[in-house]
Amino acid sequence: MTAARRWLPALSASLLVALAGCGASITGEPVPAVGFRDDSASIAAIPTPRAVTGVDPCTLLAPADLDQAGGTTGGPYPGNPTPRTCTYALGGAQPGNTAAVGFNDEFEAAKAKQPRGVDVDVEGHSAWLYCDVIDGFQTCTATAAINAEHTLVTMLSLRGATAADTTDVLQDLTTAALRNLPTG
C-alpha cells in the first residue's frame with residue numbers, strides 16, 4: 001500500500017453525501033478523511049510558519065508532483081485565476097482537468113468563504129477541506145494555515161471523479177507544496 005493510500009484512503013460516506021448533495025440541507029457533521037485529521041480548534045495550528053514574500057507559487061509543485069493527477073499538458077500559468085496563484089492543465093483521459101496552487105487570506109477568513117468545508121490537518125497545519133461538483137468536475141480545495149496572515153491553497157478539479165479520489169491526490173499536492181515553502 002502506498003504512503004498516500006495509507007494516509008488518505010477514502011472519505012467517509014457522510015462526507016461524500018454532504019459534498020455531493022444537490023444543495024439540500026444535510027444534518028449532522030461531516031467526518032474528515034483519514035490523514036486529514038479533525039482539527040476543530042478555533043486557533044489555527046501552524047507548527048512551522050512559512051514565508052510567502054518573494055515566493056513564486058509556480059515553484060511549489062514540480063511536474064513529478066502532478067504525475068498522479070494525470071501529468072501536465074500545459075502551464076504553469078502564473079496569475080491564473082488570481083494574482084497569487086498558478087494553474088496547470090492536466091493530462092489523462094478527461095480534458096479540462098486542472099490543478100492550482102497559491103496563497104490566500106488568513107485562515108479564518110478563508111474558512112468563512114466556504115462554510116460547507118471541514119477542519120482537517122496537513123502535516124500539523126490547520127487546513128480547511130472543501131469539495132463541490134462544478135459542471136461535472138469534482139473540485140476540491142485545501143486551504144492550509146501557513147502564517148498569521150496567509151494560507152496555502154491547493155485545488156484539484158477532475159471530471160467524473162469522486163470526492164475520495166480527488167482528495168487523495170489533493171492531499172499529496174498540498175503536502176508537496178507545503179514542504180516547498182520556505183520557513184519564516
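The values are calculated or read from the model by the stated rules, or taken from the named source; none is laboratory data. As the structure is a prediction and not an experimental result, all values here were calculated from the model. When we count neighbours, we look across all protein chains shown, and the Cβ atoms used for this are built from the backbone with ideal geometry, even at glycine. Side chains are part of the model used for accessible areas, which takes the heavy atoms of the whole protein and leaves out ligands, DNA and RNA. Shrake-Rupley method; radii C 1.70, N 1.55, O 1.52, S 1.80 Å.
Annotations for the structure displayed:
- Checked against the criterion of being on the phi > 0 side of the Ramachandran plot and either under 18 Å from the mean Cα position of the chain (by Cα) or of a type in the set (K, R) (or both), the candidates G70, G75, G54 yield just one match: G70.
- A single member of T82, T87 is among the hydroxyl-bearing types (S, T, Y), farther than 14 Å from I46 by Cβ, open to solvent by 40 Å² or more (accessible area, probe 1.4 Å) and out of contact with any Asp or Glu (no Cβ under 8 Å at 6 or more places or on another chain), and it is T82.
- Qualifying residue in segment 141-150 (condition: surrounded by fewer than 22 Cβ atoms within 10 Å (Cβ to Cβ), part of a helix (DSSP H, G or I) and of a type in the set (D, E, K, R)): no
- Residue match in segment 162-180 (condition: surrounded by fewer than 23 Cβ atoms within 10 Å (Cβ to Cβ), among the hydrophobic types (A, V, I, L, M, F, W, C) and in a loop (DSSP other than H, G, I, E, B)): no
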